[in-house]
Amino acid sequence: QVQLVESGGGLVQAGDSLRLSCAATGDTFMRYAMGWFRQTPGKEREFVATILSNGGGTQYADSVKGRFTISRDNIKKMVYVQMDSLKPADTAVYYCAATTIYPATTSRQYIYWGQGTQVTVSS
């Protein structure tokens, strides 16, 4: 089992950068591909990015491609998403999640979820 805790959210201005972190506990972290999702009120959880268990592959939603970078450190059991050139449309609660599937781009494919961290981008 894997427990996930996100951090790093906050209020920023359009064009700014922010890095979200996700700390994992459990000794099976390296078995899982990891993903980031985001959700706004009244909408379904939206795929952002995913990374293979060994970090050797990544995939992004078109809306963030070229602006966001997902990475992981298996020694530290951490997953990150570097978010650059932020837009007001990026405002959401961001979640990290673990899956045994790669690439997994729908929320139902993920097994474990963090509690989320709020990102607000002002114009």
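The values are calculated or read from the model by the stated rules, or taken from the named source; none is laboratory data. Remember, predicted model here, so these are calculated numbers, not experimental data. Please note: Cβ atoms are built from the backbone with ideal geometry, for glycine as well, and neighbour counts cover all protein chains shown. Side chains included, ligands, DNA and RNA excluded: accessible areas come from the protein's heavy atoms. Shrake-Rupley method; radii C 1.70, N 1.55, O 1.52, S 1.80 Å.
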Worksheet entry | Residue check for Y102: among the aromatic types (F, W, Y), assigned to a loop (DSSP other than H, G, I, E, B) and either surrounded by fewer than 17 Cβ atoms within 10 Å (Cβ to Cβ) or in contact with a strand residue (DSSP E or B) (Cβ under 8 Å, 6 or more places away or on another chain) (or both) | yes
Item to complete: Enumerate the strands (runs of 3 or more DSSP E) found wholly within the stretch 9-87, keeping only those where 3 or more residues are touching a residue at least 24 places away in the same chain (Cβ under 8 Å) and within 19 Å of I101 (Cα to Cα).
Response: 33-39, 46-51, 78-83
Worksheet item: If C96 satisfies every condition in (1) touching a strand residue (DSSP E or B) at 6+ places or on another chain (Cβ under 7 Å); (2) surrounded by fewer than 18 Cβ atoms within 10 Å (Cβ to Cβ); (3) not charged (D, E, K, R) but one, which is the exception?
Response: (2)
Practice prompt. Considering each residue of the stretch 105-122, count those that are closer than 20 Å to L11 by Cα, open to solvent by 30 Å² or more (accessible area, probe 1.4 Å) and not small (G, A, S), and give that number.
Written response: 3
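Table: residues versus (1) open to solvent by 30 Å² or more (accessible area, probe 1.4 Å); (2) basic (K, R).
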{"position": "G15", "(1), (2)": "yes, no"}
{"position": "S21", "(1), (2)": "no, no"}
{"position": "D27", "(1), (2)": "yes, no"}
{"position": "M30", "(1), (2)": "yes, no"}
{"position": "R38", "(1), (2)": "no, yes"}
{"position": "V48", "(1), (2)": "no, no"}
{"position": "L52", "(1), (2)": "yes, no"}
{"position": "G57", "(1), (2)": "no, no"}
{"position": "D62", "(1), (2)": "yes, no"}
Worksheet item: Are any of the residues in the stretch 72-91 surrounded by 13 or more Cβ atoms within 10 Å (Cβ to Cβ), at pLDDT 95 or above, β-branched (V, I, T) and more than 19 Å from S17 (Cα to Cα)?
Response: no
